[in-house]
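Peer 1: Sharing a structure below in structure tokens format, with a few things to ask.
The values are calculated or read from the model by the stated rules, or taken from the named source; none is laboratory data. Computed from a predicted model, the values in this text were never measured in an experiment. No Cβ is skipped: glycine too gets one built from the backbone with ideal geometry, and neighbour counts run over all protein chains shown.
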Amino acid sequence: MPTYEYLCEKCDHEFEQFQSITARSLRRCPNCKQNGLKRLIGSGSGIIFKGSGFYQTDYRTENYKQAQKKEKSKSDTKKEKAQAKTKGKDASDGKPKAESTKKKKPG
């Protein structure tokens with residue numbers, strides 16, 4: 001239910017009233033008890049959706065959810081394989097590190 005703003009033209013009393021959309025607008029001012037209220041045009045407030053069921057992903061089928069899990073596990077496996085390959089390689093050129101062929105000179 002929305003909150004409406006009212007202004008009394010007789011005494012300039014301004015207030016808000018929580019009313020149903022279908023309720024008739026108020027006419028009598030609670031301050032001066034005269035008929036002179038005007039409902040003001042307000043900016044309103046944003047609508048807040050609480051709970052589940054408001055997003056498309058809330059209604060996904062079980063088949064879709066299972067396919068997503070499988071796809072995620074495949075991508076995780078690929079990442080692990082790629083990381084295992086790069087462990088033995090030089091970070092600068094991607095080639096395996098070569099051991100030094102230079103012999104140390106005796107001292």
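Peer 1: Out of the residues in the range 49-67 that are modelled with pLDDT under 70 and outside any helix (DSSP H, G or I), state the one that is nearest to residue 4 (Cα to Cα).
Peer 2: Here is the first cut: in the range 49-67, the ones modelled with pLDDT under 70 are 52-59.
Pick out the ones that are also outside any helix (DSSP H, G or I) and you get 52-55.
Numbers: 52: 28, 53: 29, 54: 26, 55: 29 Å.
Across the range 49-67, the extreme among qualifying residues is 54.
Peer 1: Still on this model: Can you tell me which residues in the range 2-22 are free of Cβ contacts under 8 Å to residues at least 40 places away in the same chain, under 36 Å from the mean Cα position of the chain (by Cα), in a loop (DSSP other than H, G, I, E, B) and surrounded by 12 or more Cβ atoms within 10 Å (Cβ to Cβ)?
Peer 2: Our first condition is that a residue be free of Cβ contacts under 8 Å to residues at least 40 places away in the same chain; within the range 2-22, this holds for 4-22.
If we keep only those that are under 36 Å from the mean Cα position of the chain (by Cα) too, we end up with 4-6, 14-22.
Those still in the list that are in a loop (DSSP other than H, G, I, E, B) too: 19-22.
Passing the criteria: only 19.
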